[in-house]
Amino acid sequence: IKIEDLLGRAEININLRQVAEEFRGKVVLVTGAAGSIGSELCRQLVQMGIQKLIMFDSAETPLHNVRLEFEKKYPNIDFVPVMRVKERVRMVFDLYHPQIVFHAAAYKHVPLMEENPCEAVLVNVTGSRQVADMAVEYGAEKMIMVSTDKAVNPTNVMGASKRLCEMIVQAVNNERGNKTDFVAVRFGNVLGSNGSVIPLFKRQIKSGGPVTLTHRDITRYFMLIPEAAQLVLQAGAYAKGGEIFVLDMGKAVKIYDLAVSLIKLSGLEPNVDIPIEITGLRPGEKLYEELLMNNDELRKTAHNKIFIDKPETISLIKLRKQIDDLIFVTKLGNKNMLIDKLKEIVPTYYSPDFYNKKKLVEEVAATTLGGKE
């Protein structure tokens, strides 16, 4: 089964030669380098004539596996795998002085982060703040943060934490005296990535089913791993500072239809050979994700699949104080206090029940009342 057969659209292609000129001869740091997006960014970067690649991650075995792959496939590339712990962030910047930083490290699984909100904030928010501060202090040319569509009107802690990360890079970018260009790149789910729905469905089909999904009408935007990495690189090349780049991922796909297609591609019949079971929405989960592609304020770029969201002016002094207060709450371990504080900082953070009801009302109005509520 080819993952691209499930995409439902043509693959997105970019001119990597043009992008390569932006990164050629540079020292590049990739955080989360052992993850699905981070490792693919590394594979693309080593083909662009970069001077040195620092692969930074906290996951020992995945980083070891990436190192073995690179030693075999790219023996002439100067790369350094670094185990990531908080105290070593400054050491990496001090030792290697990266000129380009791709920040892909983050906790990403929504249900797990709903159960562990303090860890989501500590890793995603403090990690992004620390990398951004080091980029400024050591004079990096650019920092490109990998974000998510779940940061748009977030209904869960993971999405709210990533929206706060976007706010950090925008605020730091506008700080007086800053010479580093900070941007974020926002896109949806990545087909075949670690922990994603396709590997799960494959395992369930192999074991005879059932294939499980949370709601019959749940939809998501999807992209292939190489597509996502290439568009992140392209957006990084466009970066002037302060932008949030939004990737056009086409139409949203029903997860139910994805399950049916995967079962059929496996040579089996849905709900005959392999049952499909609806388990119910999980904590923090939306029926629909959104990328703001319908936002009239989006600006075009030279690439027809990359857009720029309306910039925001965010006070870094105020944001730092709010984050310090948030971190203090995480150390208390009180989930309710943490979520209340996070909602105070990220005003678009809603409960999933409110959001899903609002979307259903809009959908009914659009289909039955001509858009009038």
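The values are calculated or read from the model by the stated rules, or taken from the named source; none is laboratory data. All values reported here derive from a predicted model rather than from experimental measurement. Cβ: placed from backbone, ideal geometry, glycine included. Neighbour counts: every protein chain shown. These accessible areas exclude ligands, DNA and RNA; they are computed on the full protein's heavy atoms, side chains included. Shrake-Rupley method; radii C 1.70, N 1.55, O 1.52, S 1.80 Å.
With a ≥ b ≥ c taken as the square roots of the eigenvalues of the C-alpha gyration tensor of the range 190-275, please select rounded if a/c is under 1.5 and otherwise prolate if a/b is larger than b/c or oblate if it is not? Taking the square roots of the gyration eigenvalues as a ≥ b ≥ c, the range 190-275 is prolate.
An oblate overall shape is assigned to the range 238-291, the ratio a/c of its alpha-carbon gyration tensor axes (a ≥ b ≥ c) being 1.5 or greater and a/b not exceeding b/c.
Subtracting the Cα-Cα distance of Glu71 and Asp133 from 0.36 nm times their residue separation leaves 19.2 nm of extension gain. Each DSSP beta bridge with both residues in the chain is either parallel or antiparallel, and the antiparallel ones are about 20%.
Farthest towards the positive end of the charge dipole of the chain, among the residues Cys165, Ile218, Ser207, is the Cα of Cys165, using unit charges on the Cβ of Lys, Arg, Asp and Glu. Taking the accessible area of the range 13-162, probe 1.4 Å, and keeping the other protein chains in place, the carbon and sulfur fraction comes to 47%. Structure remark: mean-square fluctuation, Gaussian network model of the chain, C-alpha springs under 10 Å; the largest value among Ser161, Ser351, Ser128 belongs to Ser351. Mean-square fluctuations from a GNM of the chain, with a 10 angstrom spring cutoff on Cα atoms, peak among Val190, Val92, Val101 at Val92. In terms of distances greater than 29 angstrom between alpha carbons, the cross-link table entries Lys251/Lys310; Lys150/Lys335; Lys150/Lys300; Lys26/Lys343; Lys162/Lys264 yield Lys26/Lys343; Lys162/Lys264. Per-residue surface analysis assigns Glu119 an accessible area of about 90 Å², computed on protein heavy atoms at 1.4 Å probe radius. Against the compact-protein benchmark of 2.2 N^0.38 Å, the Cα-based radius of gyration of the range 1-160 scales to 1.09.
A Cα-only calculation for the range 1-72 places Rg and Dmax at 14.1, 38 Å. Surface composition of the range 217-282: carbon and sulfur make up 48 percent of the accessible area, probe 1.4 Å. Its relative contact order, with pairs defined as Cα atoms under 8 Å and 6+ residues apart, puts the chain at 17 percent.
Placing unit charges on the Cβ atoms of the charged side chains and taking the dipole of the chain about its Cα centre, the candidate lying farthest along the positive direction among Val30, Gln99, Gly267 is Gln99. Largest accessible area first, the listed residues Leu224, Leu112 line up as Leu112, Leu224 when surface is computed with a 1.4 Å probe on the assembled protein chains. Here Met143 sits with roughly 0 square angstrom of accessible surface, probe radius 1.4 Å.
Relative contact order of the range 105-243: 25 percent, from C-alpha pairs under 8 Å at least 6 residues apart in sequence.
The spread of Cα positions in the range 98-195, taken along each principal axis and listed from longest to shortest, comes to 39, 27, 21 Å.
Ordered from highest to lowest accessible area with the whole protein assembly present and a 1.4 Å probe, His303, His97, His215 read as His97, His215, His303.
Taking the centroid of alpha carbons for each part, the range 253-285 and the range 171-207 are 23 Å apart. Where does the chain land at 222 nm, in deg cm²/dmol rounded to the nearest 500, when only DSSP H runs of n ≥ 4 count, each adding -39500 (n - 2.57), divided by all residues? The per-residue figure over the chain is -13000 deg cm²/dmol. Surface exposure of the chain, expressed per residue as accessible area with a 1.4 Å probe, stands at 47 Å².
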